[in-house]
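Heads up, the thing below is written out as structure tokens.
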Protein chains: 4
Amino acid sequence: MTQSLDPEELASYLRRFAADRNWEQFHTPKNLAMALAGEVGELVEVFQWLTPEQSATLDGEAKQNASDELADVAIYLIRLADVLGIDLGEAVSGKMAANERRYTVEASRDSAEKR
Amino acid sequence: MTQSLDPEELASYLRRFAADRNWEQFHTPKNLAMALAGEVGELVEVFQWLTPEQSATLDGEAKQNASDELADVAIYLIRLADVLGIDLGEAVSGKMAANERRYTVEASRDSAEKR
Amino acid sequence: MTQSLDPEELASYLRRFAADRNWEQFHTPKNLAMALAGEVGELVEVFQWLTPEQSATLDGEAKQNASDELADVAIYLIRLADVLGIDLGEAVSGKMAANERRYTVEASRDSAEKR
Amino acid sequence: MTQSLDPEELASYLRRFAADRNWEQFHTPKNLAMALAGEVGELVEVFQWLTPEQSATLDGEAKQNASDELADVAIYLIRLADVLGIDLGEAVSGKMAANERRYTVEASRDSAEKR
């Protein structure tokens, strides 16, 4: 499988990881959103000086860096959704349905224009 | 299930959504990392003026906004991982193993201090 | 002076700093916007686990970290504006005039509600 | 002048703008850092689907959008520095001195490699 991430299992694991360290006090949604922003900043830094072509052909070290930062983003995303009581599957389904209507193939083919 | 997101299915769906619109030209990892940063910025805006307590008790409209932005983050995260050929499940497992060693219960209980 | 930053002088200095290192090739607006996002991510990390009260009373080390990250943000902001040929003074004046109309004292007193 | 921004004057103006609306309650450094992240996210969105070349030759509407977002970033940067009691001029001087040592012309010519 190319995407073996199990969000349910990860949410549960992170709940326990935080509870064991008494970290719920730090895991307010406000703080978790900030942590997520911090990690996305680190992810962006992996690509900031690369050309689009270089970004598509990362070498070993850069690919590992990207992988680490993507993992950090996934971790905070899942933890934040769990703390807020939001089901990401439902949220994504609703969003993609709206995107199907908003970015029809006819209107959006070859165009990234925001609609 | 509290987290019904299926990353494998979403990656596949997004591949087709992009292909139908000839969007691969726009979906370089560099661009997708920027799109992810844009969406996390929108997520942060939901919480920026709230107290930590208010962030933990979102009302209907704010919760829907948070849900929409979390969905956008999930969408770009999964798309970017897929385009890079990175398996998020493996990436997260590696990260959590490192976190277990780095943030032991003894050292980290009640402390968010970066190690 | 509490704000002794001279944007004109800094823009000029950064132009020379980049030219000496033949960095114009890397300083496309797209890349500079990403670098700015990376630095704001680092700034956010200084505050992510702090309470609002703690954020207002930073100790020596945290205050120095915040200062370093604010400097990085200022540097990339000024460099990006300069490369784009945008005068920040004019841009800010226009924005504040719009903000005066959009957030009148009557409507906005004690309310952070977006208008 | 290409950079007519006056940070001292803007900090003073923003202090009054916030006081008139009783907004100090919302302007904790934690919140201002989040607002800055939100605005940088909006700035990144202006460039996310553009090629590096397109980003260097923005048309009228895109250039106005970039200008508006740069203004928002400048506003929150100056406001945050002021609330924290940090002089941006001093902070930037210290950073550039460190950058001169860290990125010497010999080592960094044609190389964006982080040192």
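Charged side chains reduced to their Cβ positions (Lys and Arg at +1, Asp and Glu at -1) give chain B a dipole of some 500 debye around its Cα centre.
Express in Å², to the nearest 10, the accessible area of D:Met96 obtained by rolling a 1.4 Å probe over the protein heavy atoms while all chains stay in place. Only protein atoms counted, so the area is about 10 Å². The solvent-accessible area of A:Val83, taken with every protein chain present and a 1.4 Å probe, is close to 60 Å².
Solvent-accessible surface of chain A, averaged per residue with a 1.4 angstrom probe and all protein chains in place: 43 square angstrom.
Residues considered: C:Ala11, C:Ala97, C:Ala71. Largest GNM mean-square fluctuation over chain C, using C-alpha springs under 10 Å, is found at C:Ala97.
Annotation for the A:B interface, with buried accessible surface near 6400 Å², both sides summed [1.4 Å probe; non-protein components not counted].
Each part reduced to its alpha carbon centroid, region B:50-115 and region A:56-115 end up 13 Å apart. Hey, could you get me the Stokes-Einstein D for region D:60-115, Kirkwood radius over alpha-carbon pairs, 37 °C and 0.692 mPa s, rounded to whole µm² s⁻¹? Rounded, D is 234 µm²/s. For B:Thr104, the accessible area of its heavy atoms, probed at 1.4 Å with every protein chain present, is near 50 square angstrom.
Placing +1 on the Cβ of every Lys and Arg and -1 on the Cβ of every Asp and Glu, with no other charges, gives the protein assembly as shown a dipole of roughly 0 debye about its Cα centre. Could you state the angle between the C-alpha long axis of helix C:29-47 and the longest principal axis of the C-alpha atoms of chain C, as a value from 0 to 90 degrees rounded to the nearest 10? The two axes meet at around 50 degrees.
According to the square roots a ≥ b ≥ c of the eigenvalues of the Cα gyration tensor, what is the shape class of region D:1-89, taking rounded for a/c under 1.5, prolate for a/b larger than b/c otherwise, and oblate for the remainder?
Judged from the Cα gyration tensor, region D:1-89 comes out prolate (a/c at least 1.5, a/b above b/c).
Reported value for the protein assembly as shown: 147 Å³ per residue, from the convex hull of its C-alpha atoms.
Residues in region A:2-9 carry Karplus couplings, in order, of 7, 10, 8, 5, 10, x, 4, 5 Hz; the curve used is 6.51 cos²θ - 1.76 cosθ + 1.60 with θ = phi - 60°, and Gly or Pro positions show x.
The values are calculated or read from the model by the stated rules, or taken from the named source; none is laboratory data. A quick note: this is a predicted structure, and the numbers were derived from the prediction, not measured. Note that we place each Cβ from the backbone using ideal geometry, even for glycine, and neighbour counts take in every protein chain shown. Heavy atoms of the whole protein, side chains included, go into the accessibility calculation; ligands, DNA and RNA do not. Shrake-Rupley method; radii C 1.70, N 1.55, O 1.52, S 1.80 Å.
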